[in-house]
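The values are calculated or read from the model by the stated rules, or taken from the named source; none is laboratory data. The structure presented is a predicted model; accordingly, all values stated were derived computationally and were not measured. FYI the Cβ positions are ideal-geometry reconstructions off the backbone, even for glycines, and counts take in every protein chain you see. Accessible surface areas use protein heavy atoms only, side chains included; no ligands, DNA or RNA. Shrake-Rupley method; radii C 1.70, N 1.55, O 1.52, S 1.80 Å.
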Amino acid sequence: MCIVETRLIASLLNVCPRCIQGIIKPDNLYTCLHMEFFQQLILILGHIVGFVDGRTIQVQENTGKPVTVKLACITVPEITGQRKQAEESLRKILVPNTPVIVKTTESVQNGSTLGEVFVDNKSINLRMVEEGAATVELKTLNNCFESRSQYLIAEATAKNKRLGLWRQSKVYSLRGKLIYKEIPPVMSQEAYLGEEFFLITDSRLGRKMVLRPSEQVSRTQLQSFHNQQVEIQAVFVEGTRPSQGSSACPIDINAQCLPQGAGYRVLSIKSL
């Protein structure tokens, strides 16, 4: 295979995944790249009118049409305090009536649009990562293929400087054997706590840590590593108690509901 063909296929895999998957079926590879390139340049011109959460905004197009935009290529923490911090950071960057250009990538549920938001030709998505208010979402990173390396470098820099969420949550590197234990489909303390993934770090002492899935590593992915030696990157998440009287719950020595959701939220995982 010639060098030109090799480079073309490499480019196609990176910038035209839908052609490879057969979603777009052009006559040739060059047409596919041409189609994908222009699809990436579908733009929305408008201004900020509201916020939904730390990565979702409401925009009013210059035509007057409202549109909800979810920021592509990034994700925000699931931890309550950090999720709130992400939203506060976004509100500081994008004050109401700020003129924006949205480069749309695809539609998502409820009629929202996934896209990269620009102010004065600068990516707000990338700025969120640079400030440590968000992390890179690898599964959608190809939507920002022109600046993928910038996103990864920005995250590494924010992590190294311990900015934003990296300052508040220490990322642990842990090794051990991952065990999946099916939660019984009955009312029980196990079902209430929802603890189904464990990392055995010392089999002699029976030491184990509760693992939790995340946006980066799903429950299905964790299941696939059952009974394997793994290395994970994770942050510890404190449990939360349900409001009094909301439902029946196991109680502690102080007659309060036991906290739910505590454990190590897995950010990345690999077999050893």
Item to complete: Give me a count of the residues in region 164-181 that are among the aliphatic types (A, V, I, L, M) and open to solvent by 60 Å² or more (accessible area, probe 1.4 Å).
Response: 0
Practice prompt. Count, please, the residues in region 216-238 that happen to be more than 20 Å from Thr201 (Cβ to Cβ) and in contact with a strand residue (DSSP E or B) (Cβ under 6 Å, 6 or more places away or on another chain).
Written response: 1
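Condition first: open to solvent by less than 80 Å² (accessible area, probe 1.4 Å) and either closer than 19 Å to Leu138 by Cβ or in contact (Cβ under 8 Å) with a residue 40 or more places away in the chain (or both). Can you find one or more residues in region 182-191 that meet it?
Kept after step one, since they are open to solvent by less than 80 Å² (accessible area, probe 1.4 Å), are these residues of region 182-191: 183-184, 188, 191.
Narrowing the set further to residues that are either closer than 19 Å to Leu138 by Cβ or in contact (Cβ under 8 Å) with a residue 40 or more places away in the chain (or both) leaves none.
Within region 182-191, not a single residue is open to solvent by less than 80 Å² (accessible area, probe 1.4 Å) and either closer than 19 Å to Leu138 by Cβ or in contact (Cβ under 8 Å) with a residue 40 or more places away in the chain (or both).
Here's a check for you: in region 153-205, which residue that is among the hydroxyl-bearing types (Ser, Thr, Tyr) and out of contact with any Leu (no Cβ under 9 Å at 6 or more places or on another chain) is farthest from Ile251 (Cα to Cα)? Spell out how you get there, then give the answer.
So the first thing to find is which residues in region 153-205 are among the hydroxyl-bearing types (Ser, Thr, Tyr), and the list is 157, 169, 172-173, 180, 188, 192, 201, 203.
Remaining after also requiring out of contact with any Leu (no Cβ under 9 Å at 6 or more places or on another chain): 169, 172-173, 188, 203.
Numbers: Ser169: 28, Tyr172: 30, Ser173: 32, Ser188: 12, Ser203: 29 Å.
That would be Ser173.
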Worksheet entry | Residue check for Ala133: farther than 18 Å from Gly46 by Cα, in contact with an Asp or Glu (Cβ under 7 Å, 6 or more places away or on another chain) and surrounded by 16 or more Cβ atoms within 10 Å (Cβ to Cβ) | no
Worksheet item: In this structure, does Arg212 turn out to be open to solvent by 50 Å² or more (accessible area, probe 1.4 Å), modelled with pLDDT under 95 and touching a Gly at 6+ places or on another chain (Cβ under 9 Å)?
Response: no
Worksheet item: Is at least one residue of region 222-245 without any contact (Cβ under 8 Å) to a residue 60 or more places away in the chain, β-branched (Val, Ile, Thr) and open to solvent by 60 Å² or more (accessible area, probe 1.4 Å)?
Response: no
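Using the structure shown, decide if Ile153 is out of contact with any Ser or Thr (no Cβ under 8 Å at 6 or more places or on another chain) and either within 21 Å of Arg265 (Cβ to Cβ) or crowded, with 16+ Cβ neighbours inside 10 Å (or both).
Details: out of contact with any Ser or Thr (no Cβ under 8 Å at 6 or more places or on another chain): yes; either within 21 Å of Arg265 (Cβ to Cβ) or crowded, with 16+ Cβ neighbours inside 10 Å (or both): no.
Criteria not met by Ile153.
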Item to complete: Could you list all residues from region 149-160 that are in contact (Cβ under 8 Å) with a residue 12 or more places away in the chain and not aromatic (Phe, Trp, Tyr)?
Response: Gln150, Leu152, Ala154, Glu155, Thr157, Ala158, Lys159
Worksheet item: Within region 115-130, how many residues turn out to be crowded, with 19+ Cβ neighbours inside 10 Å, part of a strand (DSSP E or B) and aliphatic (A, V, I, L, M)?
Response: 1
